[in-house]
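The block underneath contains the structure these notes are about, expressed in structure tokens.
The values are calculated or read from the model by the stated rules, or taken from the named source; none is laboratory data. Computed from a prediction, not measured in an experiment: that's the story for all the values here. Note: ideal-geometry Cβ built from the backbone for every residue, glycine included; neighbour counts use all protein chains shown.
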Amino acid sequence: MSHLFPESAAQRQWTPVRSVAGFTLLELLVVMAVIGILMGIAAMNVGRLRQPADESARALSSTLKASRARAIASTSAVRVQRLANARTYTVSTASGCAAPKTDWKLLPGRSYELPGDVTINQPAAEWTACFSSRGILGTTDALPTVTFTDTRARSRTLTVYAGGALEVK
């Protein structure tokens, strides 16, 4: 008959209930510590992924593409130029690629400065790429080419073709 009537409080034995579906606080803290250590190691190695030569070549390529698009949109010549021994590429505009030096107007905010950990492997002379109002490279004897080398001796070469196309190798 004992099964019909509830047990008295004295007869009941209390057992702790352990949840099977969750984690203990200690387990969560250990997992968070391991994740923190792994993220710290990953963060230290992210700096090694940077490739200054490639970044510089692609940044100058973007500057040249934007200059070509501006030349087509404004029906005027746009040139990207690096003066002898300079680390800055400036962008200026004029009525045509053959315009005298005094007619070129510098476009503010459009220049590109090379980072300090990149060197240019090109002659110390002036480098110019001028896009006509049709977006093609102005008259030049040789295709404008620039090779960037970073401190780890990795290099990238940017070539500007006569039709205005750009290639980074």
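For the reader, a short list of remarks on this structure follows.
- The residues of segment 29-69 that are of a type outside the set (A, V, I, L, M, F, W, C) and in contact (Cβ under 8 Å) with a residue 40 or more places away in the chain, listed by number, are 51, 52, 54, 55, 56, 58, 61, 63, 65, 67, 68.
- All of 34, 46 fail the test of being of a type in the set (A, V, I, L, M, F, W, C), under 17 Å from the mean Cα position of the chain (by Cα) and either loosely packed, with under 14 Cβ neighbours inside 10 Å or assigned to a loop (DSSP other than H, G, I, E, B) (or both), apart from 46.
- Enumeration of residues in segment 73-96 that are over 15 Å from residue 107 (Cβ atoms), touching an Asp or Glu at 6+ places or on another chain (Cβ under 7 Å) and free of Cβ contacts under 8 Å to residues at least 40 places away in the same chain: 87
- Summed over segment 127-163, the residues that are of a type in the set (D, E, K, R) and at pLDDT below 80 give a count of 1.
- Residue within segment 89-111 that is surrounded by fewer than 17 Cβ atoms within 10 Å (Cβ to Cβ) and within 20 Å of the chain's Cα centre (by Cα) present: yes
- Among strands (runs of 3 or more DSSP E) entirely within segment 51-141, having at least 1 residues that are more than 21 Å from residue 168 (Cβ to Cβ) singles out 77-82, 88-94.
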